[in-house]
1. Would you check which residues across segment 82-138 are of a type in the set (G, A, S) and closer than 21 Å to V217 by Cα and list them?
2. Residue under question is I171, and the condition is that it be at pLDDT 90 or above, in a helix (DSSP H, G or I), among the β-branched types (V, I, T) and at negative phi; does it hold?
3. Looking at segment 63-87 only, could you name the residues that are more than 22 Å from F141 (Cα to Cα) and without any contact (Cβ under 8 Å) to a residue 24 or more places away in the chain?
4. Only one of W59, W162, W88 is surrounded by 14 or more Cβ atoms within 10 Å (Cβ to Cβ) and of a type in the set (F, W, Y). Can you tell me which?
5. Just one of the numbered conditions (1) buried (at least 17 other Cβ atoms within 10 Å of the Cβ); (2) within 17 Å of the chain's Cα centre (by Cα) is not true of T150; which one?
6. Can you work out which of the residues in segment 88-136 that are without any contact (Cβ under 8 Å) to a residue 40 or more places away in the chain and touching a Gly at 6+ places or on another chain (Cβ under 8 Å) is nearest to Q155 (Cα to Cα)?
7. Would you point out which residue out of I60, I75 is part of a helix (DSSP H, G or I) and modelled with pLDDT under 95?
Amino acid sequence: MTAPTESATTPVPAAAADGAAEHPEDARMLTARLRHRAVEALPPGRLLPDRQPAYVASWIYVFGVLTISALVVVIATGCVLALFGPTWWHLSPVGLFVNSMHLWSVEVFFFAMVVHLWGKFFMAAWRGRRRATWVTGVVSFVVSVAAAFTGYLSQQNFDAQWISTQAKDGINSTGAGAIFNVTNFGQMLMWHIVLLPLVVGLLAGVHVLLVRRRGVVPPFALAQRHDAAPTDVGTVSTPAPVEATPETVGAQGRPA
């Protein structure tokens, strides 16, 4: 005769499920503290939300996602160009195609970023403790301009030669020519494919995390309504489409 065993449906205590994470000694560990702070700063529900406020459907909110999407294409095509080198992207038809994709994705990136920044500027996107979000976006634009400049210098064509010779005297007049030689292809390539992309990628990642943490900045009218009646805002989400029926049409057309 076998001894009775505990049923598989017996609930497991929360402390036992969490294991050592609930132990006082483990709470002092560096990884436990970092995990606790990360979850407090950015809960999973904010990091990967399944619903967004209804005002995000406006076209002005599209350019932020378009900027990130273009940046992904820029980095992907740039990695391919860096692997095969200047001879490949000048002489190979495939290289010319990838080089063109890299150029046009950069154009889309800057167009979307400029529209995004101007839109957020007129919306005062630093409202609601979003100053760090605004600053990271502006700094990302400045660093991206430097990355684009070094990209033109890394083309190894007549445009790169003309730009480098014209810019050399101006940079030397500031004293920066001692450490920043625009006619040095190796140095410009290092700035373009190693240092500046790391900074842009890091700033873009921090910017997206801050947007997730603070939320998308609401329009002025909605923010004023929230200040007047906080309970009216906060659960706004994109509603599911409603079929047009005589009852719904009559309800929508009935005066308030």
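1. Scanning segment 82-138 gives A112, G119, A124, A125, G128, A132, G137.
2. no
3. V80, L81, L83, F84, G85, T87
4. Numbers: W59 fails: surrounded by 14 or more Cβ atoms within 10 Å (Cβ to Cβ); W162 fails: surrounded by 14 or more Cβ atoms within 10 Å (Cβ to Cβ).
It is W88.
5. Condition not satisfied by T150: (2).
6. Looking at the filtered set, the residue picked out is W89.
7. Values: I75 fails: modelled with pLDDT under 95.
It is I60.
Results for (1) in contact with a Ser or Thr (Cβ under 7 Å, 6 or more places away or on another chain); (2) hydroxyl-bearing (S, T, Y); (3) assigned to a helix (DSSP H, G or I), shown as yes or no for each residue.
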{"residue": "E107", "(1), (2), (3)": "no, no, yes"}
{"residue": "M113", "(1), (2), (3)": "yes, no, yes"}
{"residue": "A124", "(1), (2), (3)": "no, no, no"}
{"residue": "V139", "(1), (2), (3)": "no, no, yes"}
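The values are calculated or read from the model by the stated rules, or taken from the named source; none is laboratory data. Bear in mind the structure is a predicted one, so any value in this text is a computation, not a measurement. In this analysis, Cβ positions are derived from the backbone assuming ideal geometry, glycine residues included, and neighbour counts consider all displayed protein chains.
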